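One structure is given below, encoded as structure tokens.
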Amino acid sequence: MAKEVIMPALGMAQETGTLLAWLKNEGDAVTKGEPLMTIATDKTDVEIEANATGILTKITAKVGDEVPVGQAIAMILTPAEMATSQATAPATPAVVTQAAASPTSQPPVAAAPNGAVSATPVAMRLAAEHNVDLSQVKAGATGKIQKEDVLAYIATRDKAPASNGNGRILASPKAKRLASEQQIDLAMITGSGPDGAVLAADVLAAEQKTITQPVQPSIPTATPSEPTVAPVQPSAQPATPFTMSRPWKIMAQRLQQSWTTVPHFYLEREANASQLVRWREAVQARAKAKITYTDLLVKLVAVALRKHPRVNASWIDENIVLNDQINVGLAVAVEEGLLVPVVSNADQLGLAAIATRRAEVVERAQAGKLTPADMSHGTFTISNLGMYGIDSFNAIVNPPQAAILAIGRIADRVVPVNGQPAVQPMTILTLSCAWSMGRGRRSSYRR
Amino acid sequence: MSMLKPSPTDRVLTFSEAIREAIAEEMRRDPTVFIMGEDVAEAGTVFKVLVGLVEEFGPQRVIDSPISEAGIAGLGVGAAITGMRPIIDIMFGDFITLTMDQMVNQAAKTHYMSGGKLKVPMVLRTTLGATRRSAAQHSQSLHAWFSHVPGLIVAIPSTPYDAKGLMKSAIRNDNPVAIFEDKMLYQLKGPVPEGEYLIPFGVADIKREGTDITLVATSSMVQVALEAATLLADLGISAEVVDPRTTTPLDKQTLIDSAKKTSRAIVIDEGYEQYGVTAEIASVIADGAFYYLDAPVKRMGAMNVPVPFSPVLEDVTVPMPQGVVDMAKMLCGKN
């Protein structure tokens, strides 16, 4: 039986729910009781389980959509229904009954004159058994999809690059290690090995690409995340280098404003840095440029922000605006005070690219040569005083950002490991949050 | 004292001359060393390796034995326990099957079971290797059999230099040592320095440095791997050839380090592929270098069939340079 997936009501007064994530994709097989999607209500985020076993299809709600409670946002069909539905009603939004009338529905590739997919019964059965969308199958000379056409489609699909059909990415152990060191997503790499497996050379090539890609100095102007209140954004002479005193004055004003108008709260956590130390050693062994702990932290923070978009938000006109880009600002101490150059799209950069950018902006900051573009559009800030021997400190949020992470030195301390005292490199991380943005619980995620 | 590399300026000896020199030097140095086996004295072995020894040391120390490998091996174990340093010569490695109880249950266990009171300082020298048109019972490479047993040391030299150094170490070692000489290597020439040197057990030798793929090769397969490496160099693939020199003890670290450096490895040995030396070494590399490997560790051994008498067929059953080249190209993604 076809089942509708509806936006559930989880609270008494709840009128809408926001779709945070689909945990299954269109066309995936789902089992009743399996997590299907994540929904945000005004109080909490909840994983919703599948209400039937079958194939997830007809997804109408996109990630981020706010949907009225009770509205159907997808269907779960049995394979047989799937085949029929594709034969008669291709790709339609929302509920099935609207399908026939939908003017935007696309005709299937092998459409017969009446609009239905034309396929032999054997082909239809094979398609159903192998979870094949018949509209994606090319018919042979007869115009009718035959068994051979479906088999050919299955063969090609199963040979899809870098996946063995279970959705597992094929990669050599070395390629996996390199990708994890560089925090590169293996799924984004085209493999050159057997069956499309990702090899070490493919990862190195991908890393090279992220280095040579020009670092975007600013985010596209059309995005809603454009910080409209950013005082650091001067409209005049955007390309002229600033003198040292001007940005510092602006920074001072902003922090003064932040400290006096934005209620701060602080979350402090002592973290074992031994993996960080090992990671840096491993990366440094292969890198030409110097890789600092700050570089690793930029990468870690960027990846964490991807998972926690609310911490990467901006407070604009009494509204929380989630930023599409992850641009990590680095608090840099200079002669006259503090500057915050930005590593844009830090989540998409390899470590080498982050290190290059960091070295570049820190040098320019110290030479008084930072441009406004260098300091614009940060969505989060890191302040690392570890190199000055500071154990921990509280930083001031850099508006309109939601939070700033203050990082202390890595110092050997005696801590329990498996119930025994052991000397471990530890560091204290202090997250300063704007109260209006963070709401406490959300910021104190666990790694 | 021990020099680990020969110099190109050293005098040149054949593999068999190097073996003979090692044994002669040790027999001069230590009167308890003697050699016994089929045709070792009058004939100087069927491969002429020991020619001249009986003239120098006499039939008391270079002893022709009856045709009974089990008997000679037992005599060797007993002589070793009672204070001699026998070298037991088993003409063809295929015949070690007859020595198994003496080697596996006596020689390998005596020191352990006597609580260290007894020792068995004997050497069993024998041969391995195919492509000599000697058919199924005289062409096998059975060194894996001894390598399987704790308590036995197994040396498999690939050059005249290694043969001399390993043979001298074997004679001086207080444990039973089996040393396998490839029949096809006896006429191989190579530099051997004048004067004394020993090669320690469990120390692999990098026969050729490279960066793209590791060829771990033993005994005669070292020559196959070196030839393959030359062919691969023309294709732009830099192959490193590593010779473990002893299968037990095995120099795991050198093998793992090389595979970590090159990210790829082929293990080449003339023993049967199934349950053989290649399997053991490949597993050591796969385990130790896992996160550095960019391709599966491949094995090339003798085909799992009796070695054919037909020359055409025989050559197909053992690894040859072109086969190694083809495999290396595949692993390096150059086809």
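The values are calculated or read from the model by the stated rules, or taken from the named source; none is laboratory data. Values in this document were obtained by computation on a predicted structure and should not be read as measured data. Note that we place each Cβ from the backbone using ideal geometry, even for glycine, and neighbour counts take in every protein chain shown. All accessible areas refer to the heavy atoms of the entire protein, side chains included, with ligands and DNA or RNA removed. Shrake-Rupley method; radii C 1.70, N 1.55, O 1.52, S 1.80 Å.
In this structure, the residue pairs whose Cα-Cα separation is over 19 Å, taken from B:Lys117/B:Lys252; A:Lys32/A:Lys58; B:Lys119/B:Lys183; A:Lys176/B:Lys334; B:Lys5/B:Lys329, are B:Lys117/B:Lys252; B:Lys119/B:Lys183; A:Lys176/B:Lys334; B:Lys5/B:Lys329. All Cα-Cα separations within chain B were binned at 20 Å from zero, giving a P(r) of 33, 58, 9, 0, each value a whole percent of the pairs. Computed over the Cα atoms of the range B:12-191, the ratio of the radius of gyration to the Kirkwood radius (Rg/Rh) comes to 0.94.
Over the range B:205-331, the hull volume per residue, using the convex hull of the C-alpha atoms, is 95 Å³. Per-residue packing, averaged as other Cβ atoms within 10 Å, sorts the ranges A:360-371, B:287-298 into the order B:287-298, A:360-371, beginning with the highest.
Indicate the gyration tensor shape class of the protein assembly as shown (rounded, prolate or oblate), computed on the Cα atoms with a ≥ b ≥ c the square roots of the eigenvalues: a/c under 1.5 is rounded; otherwise a/b larger than b/c is prolate and the rest oblate. Kindly include the intermediate steps, with their values, before the conclusion.
On the way: a/c = 2.96, a/b = 1.81, b/c = 1.64.
It is prolate, given that a/c is not under 1.5 and a/b is the larger ratio.
Annotation: aspartates and glutamates with alpha-carbon distance below 12 angstrom to B:Lys48 (same-chain offsets under eight excluded): B:Glu17, B:Asp39.
Solvent exposure of A:His377, expressed as accessible area, is near 30 Å², computed with a probe of 1.4 Å over the protein chains only.
Placing +1 on the Cβ of every Lys and Arg and -1 on the Cβ of every Asp and Glu, with nothing else charged, gives the range A:293-348 a dipole about its Cα centre of roughly 360 debye.
Our analysis of the range A:383-438 gives Rg over Rh at 1.14, with the two radii drawn from alpha carbon positions and Rh computed by the Kirkwood formula. Averaging 1/r over each pair of different alpha-carbon atoms in the range A:275-357 and inverting the result gives 14.0 Å, the Kirkwood hydrodynamic radius. Leaving out same-chain residues fewer than 8 places away, which lysines sit with a Cα under 19 Å from that of A:Lys138? By straight Cα distance, A:Lys138 reaches A:Lys147, A:Lys159.
For A:Glu360, the shell of other residues with beta-carbons less than 11 Å away shows a net charge of +2, using +1 for Lys and Arg and -1 for Asp and Glu.
What does DSSP give for the range B:1-89 in terms of the percent of beta bridges that are antiparallel, rounded to the nearest 5? Roughly 0 percent of the beta bridges in the range B:1-89 run antiparallel, per DSSP.
Please report the relative contact order for the range B:12-191, taking Cα pairs under 8 Å with a sequence separation of at least 6, and give it as a percent rounded to a whole number.
Details: 369 pairs, mean separation 49.2, N = 180.
Taking the mean separation of contacting Cα pairs over the length of the range B:12-191, I get 27 percent.
Taking Cα centroids, how far is the range A:188-203 from the range A:337-408 in Å? Between the Cα centre of the range A:188-203 and that of the range A:337-408, the gap is 34 Å.
Most tightly packed first, judged by the mean number of other beta-carbon atoms within 10 Å of their residues, the peptides A:317-328, B:108-119, B:264-275, A:170-181 read B:264-275, A:170-181, A:317-328, B:108-119.
So for the range A:173-212, considering every pair of alpha-carbon atoms, how many percent are separated by more than 13 Å? Working shown, then result.
Values: 320 of 780 pairs.
Counting every Cα pair in the range A:173-212, those more than 13 Å apart make up 41 percent.
In this rough spin-label picture, where each label sits 7 Å from Cα along the Cβ direction, the A:Trp259-A:Ala152 distance is 7.2 nm. The Stokes-Einstein estimate for the range B:146-213, based on a Kirkwood radius over Cα pairs and taken at 10 °C with 1.306 mPa s viscosity, is a diffusion coefficient of 118 µm²/s.
Suppose we keep just the DSSP beta bridges with both residues in chain B; what percent of those would be antiparallel, to 5? Within chain B, antiparallel bridges account for around 20 percent of the total. Would you list, by chain and number, the aspartates and glutamates whose Cα falls below 12 Å from the Cα of A:Lys62, excluding same-chain residues fewer than 8 positions away? Once the sequence-local aspartates and glutamates are set aside, what remains near A:Lys62 is A:Glu26.
Neighbours of A:Lys58, meaning other residues whose beta-carbon lies under 14 angstrom from its beta-carbon, give a summed charge of -2 when Lys and Arg score +1 and Asp and Glu score -1.
Legend: calculated FRET efficiency, B:Lys252 to A:Glu15, from the Cβ-Cβ distance at R0 = 56 Å, rounded to 0.05, equals 0.25. Considering chain B as a Gaussian network with a 10 Å cut-off on Cα pairs, which listed residue, B:Arg245, B:Arg85, B:Arg28, attains the greatest mean-square fluctuation? Sorting by GNM fluctuation, first place goes to B:Arg28. With contacts defined as alpha carbon pairs under 8 Å and 6 or more residues apart, what's the relative contact order of chain B in percent? Relative contact order here is 17 percent. Placing +1 on the Cβ of every Lys and Arg and -1 on the Cβ of every Asp and Glu, with no other charges, gives chain B a dipole of roughly 520 debye about its Cα centre.
Counting only DSSP beta bridges with both residues in the protein assembly as shown, what percent are antiparallel, rounded to the nearest 5?
Working: 62 of 104 bridges.
Bridges in the protein assembly as shown are about 60 percent antiparallel.
Considering only the Cα atoms of the range B:141-256, their convex hull presents on average a projected area of 7.7 nm².
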